[in-house]
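The values are calculated or read from the model by the stated rules, or taken from the named source; none is laboratory data. Everything numeric in this text was worked out from a predicted model, so none of it was measured. So basically every Cβ, Gly included, is an ideal-geometry build from the backbone, and we count neighbours across all protein chains shown.
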Amino acid sequence: MTYLKGVGPKRAESLEKLGIRTVKDLLYHFPRDYADYSSTVDIADTVENENNVICAKVVKRLSPAFIRKGMTIFRAVVADDTGELTVVIYNSSYQFDALVYGETFILSGKVTGNLLRREMSSPVILKASVPDKIQPLYHLTEGLTQQVLRTAVKNGLTLLNTEIYEPVPKKYLIENNLCSLAFALENIHFPKDIKTLEMARNRLIFDEFLVLQLGMNLLKTKKTESTGCKMKGCSISEFEAALPFELTNAQKKAISDCISDMQKSVSMNRLVQGDVGSGKTAVAAACAYFVAKNKMQTALMAPTEILANQHYETLKQFLEPLGIKVCLLTGTMTKAEKSRIKEQLLSGEASVCVGTHALIQSTTIFNRLGLVITDEQHRFGVEQRARLSSKGENPHRLVMSATPIPRTLALMIYGDLDISVINELPKGRNPVFTYAVTGKLRQRAFGFVKKRLDEGRQAYIICPMIEESDADLKSVEKYAADISKNDFSGYRVGLLHGKMNSEKKEAVMSEFKDGKTDILVSTTVVEVGVDVPNAAVMVIENADRFGLSQLHQLRGRVGRGKHQSYCILITDNVTEQSKKRLRILSSTTDGFKISEEDLKLRGPGDFFGQRQHGLPRLRIANMAENMDMLHIAQNIAKRITDADPILLKTENKGLKRLVDDLFSDELDLN
């Protein structure tokens, strides 16, 4: 940047604060908005006390008025065919001198006065002949002005004529009516009109999605490694017959996908994505059964001890009657217990091991690890998953996620995995009745909760924490103390929040699971996947502060037993938007449908808010608003990688370079 005309070392330092180190960075520093001076109104049609853009000729320049020391007012009269207007400028002879008598200007500013005498104070002044009537507005930092950045971008754009290359093969541009990259970069900064701006945006959004999807496709190719765990086909009918329930068609399809993958000579990388309570653990158990029949072992890693215990109990119930030994390995076990379990894994006596991070310790050695299952992928770093996989000869990998995500987004987030979706609930599962009420009905809601508690059930009350601050924490602690003294005196109230250490969280959750507390007041840390069959009511305070998908996840903590369950959403924010959102939640229990609606209403923040999943950030594309372009880019990315899996052809070299640039900090694609 230092060598670009008009920049120099000092400005280059300021630009670096915005992440601009090269001319390419500068041209991809897109405007945050635009000042549009292209649509003007007649003076007679200007609206009082609002910003107006007019095109008028200077017909009179008045003498400056010196009001007091340091205050000079300059006035000029401008006119068009419909009337006159006085331009008022404070303390700027430079601006006043720009208004040359007899010349025509575009002026933008707030109009005051009345029908007979209109004024515009301190307007933006442009010559009518200026080519850029739509001007970019950029994010700035200290030492930079809009004008400095505009000039720098203009100078950067002059290099396009000599430096630009076209990374996307021409046939795809023609097919989808997309402009050239040079045109897009020119018109995203200085569009001739709204139509050219739209064309530029479309092209740049397409590029961003295409490069991101190509990167995910390359990751998938890279992860297609041969495995030492190729399995032989065998029947799992004995497993199905022993189940106390019938598998749904969606579960059968997911199991069949996994079994088919595990018979290949490359390792499986599959995501089983299922709604709350859709029976993902039964799918994991079927896979573990198939692996055991092939005389290999399965490891299932859960993010917390309580979830590990839960999976262990479920798998033991499914598999041990069929002669398959299941063991549990967690950090809080005694040294002697851990040694005993590790011996069983090393000898091959135990076929399935459920555990936490203890599974990836160097002292944990498997006899023949064939399948690695991780629960809730985003809770584990890439490195942790890789360390578990390294304990076998490139074993098969299965990821289970209870976060329903629209398929298009899932392809982008989990692009390196094949996806199976469980989109139906097991037979006989009672839907959770959901009610949205205002704070005025809180006492009635609490009365309803007491009734359930008196029947022997348990309840959750969820309080939002805005940013895990100490003030938020105090309010949650105070809330728990208040209800245990007042509304729920005589009941046992527990408290769970994110500032507790892991042991304390586990202890609180275990007490609730074992029925030692009646009500659990919690922030959203209440575990995804934790089963408390006796919990039949969930109250969510300030429900409008949560995303729909998050509310749906929280609601999934109840309705896991034989009792009818209820979810009560309390909110005092009764805007149309919040009513619409809570209506959606009250009318459906389909997590995939809810996530689609959430995406439309809130944008992809819920899915990408934490920059989970290590995806590079998007500069201009928006997954929620540009879904059509995302579909087009995904389709073209597939066509490109089908014909050229690792982008070696000459026509794809530009794209390969963009993919390498985008993923350079995140993942090794070479």
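Condition check: out of contact with any His (no Cβ under 7 Å at 6 or more places or on another chain), closer than 28 Å to A44 by Cα, assigned by TED's automatic domain parsing to the domain that holds V58 and part of a strand (DSSP E or B). Does F105 satisfy that?
On the way: out of contact with any His (no Cβ under 7 Å at 6 or more places or on another chain): yes; closer than 28 Å to A44 by Cα: yes; assigned by TED's automatic domain parsing to the domain that holds V58: yes; part of a strand (DSSP E or B): yes.
Yes; evaluated as a whole, the condition is true for this residue.
Would you be able to say whether some residue in the range 86-98 is in contact (Cβ under 8 Å) with a residue 40 or more places away in the chain, touching a strand residue (DSSP E or B) at 6+ places or on another chain (Cβ under 6 Å), surrounded by 13 or more Cβ atoms within 10 Å (Cβ to Cβ) and in a loop (DSSP other than H, G, I, E, B)?
Step one: filter the range 86-98 for residues in contact (Cβ under 8 Å) with a residue 40 or more places away in the chain, giving none.
Checked the range 86-98: no residue is in contact (Cβ under 8 Å) with a residue 40 or more places away in the chain, touching a strand residue (DSSP E or B) at 6+ places or on another chain (Cβ under 6 Å), surrounded by 13 or more Cβ atoms within 10 Å (Cβ to Cβ) and in a loop (DSSP other than H, G, I, E, B).
In this structure, is D45 out of contact with any Asp or Glu (no Cβ under 8 Å at 6 or more places or on another chain) and either at positive phi or not assigned by TED's automatic domain parsing to the domain that holds L140 (or both)? Please lay out each step first, then the result.
Values: out of contact with any Asp or Glu (no Cβ under 8 Å at 6 or more places or on another chain): yes; either at positive phi or not assigned by TED's automatic domain parsing to the domain that holds L140 (or both): yes.
Against the criterion (out of contact with any Asp or Glu (no Cβ under 8 Å at 6 or more places or on another chain) and either at positive phi or not assigned by TED's automatic domain parsing to the domain that holds L140 (or both)), D45 qualifies.
Evaluate the following for S351: is it surrounded by 21 or more Cβ atoms within 10 Å (Cβ to Cβ) and at negative phi? Step through it out loud before you land on a result.
Values: surrounded by 21 or more Cβ atoms within 10 Å (Cβ to Cβ): yes; at negative phi: yes.
Here the answer is yes, as S351 does meet what is asked.
Filter the range 262-286 down to the residues that are more than 17 Å from N249 (Cβ to Cβ) and more than 23 Å from the chain's Cα centre (by Cα) and list them by number.
Residues of the range 262-286 more than 17 Å from N249 (Cβ to Cβ): 262-271, 276, 281, 284-285.
The answer is M262, Q263, K264, S265, V266, S267, M268, T281, A284, A285.
Going by what's in this entry, would S121 be described as surrounded by fewer than 20 Cβ atoms within 10 Å (Cβ to Cβ), touching a Phe, Trp or Tyr at 6+ places or on another chain (Cβ under 9 Å) and polar (S, T, N, Q)?
yes
G8 - would you say it is among the small types (G, A, S), more than 23 Å from V124 (Cα to Cα) and out of contact with any Phe, Trp or Tyr (no Cβ under 9 Å at 6 or more places or on another chain)?
Values: among the small types (G, A, S): yes; more than 23 Å from V124 (Cα to Cα): yes; out of contact with any Phe, Trp or Tyr (no Cβ under 9 Å at 6 or more places or on another chain): yes.
Yes: the conditions hold for G8.
Would a scan of the range 452-463 turn up a residue that is hydroxyl-bearing (S, T, Y), under 30 Å from the mean Cα position of the chain (by Cα) and either at pLDDT 90 or above or not assigned by TED's automatic domain parsing to the domain that holds L569 (or both)? Let's see the steps before the verdict.
We begin by selecting, within the range 452-463, every residue hydroxyl-bearing (S, T, Y); these are 460.
Going one step further and asking which of them are under 30 Å from the mean Cα position of the chain (by Cα), we end up with 460.
Those still in the list that are either at pLDDT 90 or above or not assigned by TED's automatic domain parsing to the domain that holds L569 (or both) too: 460.
Within the range 452-463, one or more residues are hydroxyl-bearing (S, T, Y), under 30 Å from the mean Cα position of the chain (by Cα) and either at pLDDT 90 or above or not assigned by TED's automatic domain parsing to the domain that holds L569 (or both).
Please go through (1) under 30 Å from the mean Cα position of the chain (by Cα); (2) among the aromatic types (F, W, Y); (3) closer than 29 Å to K264 by Cβ for F209 and return the number of the only condition it doesn't satisfy.
Result: F209 fails condition (3) only.
Taking V493, is it modelled with pLDDT of 85 or more and either outside the structural domain of I405 (by TED's automatic domain parsing) or within 28 Å of the chain's Cα centre (by Cα) (or both)?
Values: modelled with pLDDT of 85 or more: yes; either outside the structural domain of I405 (by TED's automatic domain parsing) or within 28 Å of the chain's Cα centre (by Cα) (or both): yes.
Yes, satisfied.
Between V291, V276, which is part of a loop (DSSP other than H, G, I, E, B) and of a type in the set (V, I, T)?
On the way: V291 fails: part of a loop (DSSP other than H, G, I, E, B).
Step by step, each of V291, V276 is checked, and only V276 is part of a loop (DSSP other than H, G, I, E, B) and of a type in the set (V, I, T).
Can you name the number of the only condition in (1) outside the structural domain of Y3 (by TED's automatic domain parsing); (2) in a helix (DSSP H, G or I) that R150 fails?
(1)
If you check A56 against the conditions, is it over 39 Å from the mean Cα position of the chain (by Cα) and in a helix (DSSP H, G or I)?
Numbers: over 39 Å from the mean Cα position of the chain (by Cα): yes; in a helix (DSSP H, G or I): no.
Taking the combined requirement at face value, the residue does not satisfy it.
So A633 ticks every box in (1) buried (at least 19 other Cβ atoms within 10 Å of the Cβ); (2) modelled with pLDDT under 80 but one. Which box is left unticked?
(2)
What number of residues in the range 39-58 are more than 19 Å from E103 (Cβ to Cβ) and of a type outside the set (D, E, K, R)?
8
Can you name the condition, by its number, that L548 falls short on among (1) of a type outside the set (G, A, S); (2) farther than 16 Å from V476 by Cβ; (3) modelled with pLDDT of 95 or more?
Unmet for L548, out of (1) of a type outside the set (G, A, S); (2) farther than 16 Å from V476 by Cβ; (3) modelled with pLDDT of 95 or more: (3).
Can you tell which of F74, F66 is among the aromatic types (F, W, Y), closer than 22 Å to Y37 by Cβ and in a strand (DSSP E or B)?
Details: F66 fails: closer than 22 Å to Y37 by Cβ.
Being among the aromatic types (F, W, Y), closer than 22 Å to Y37 by Cβ and in a strand (DSSP E or B) holds for just one of F74, F66, which is F74.
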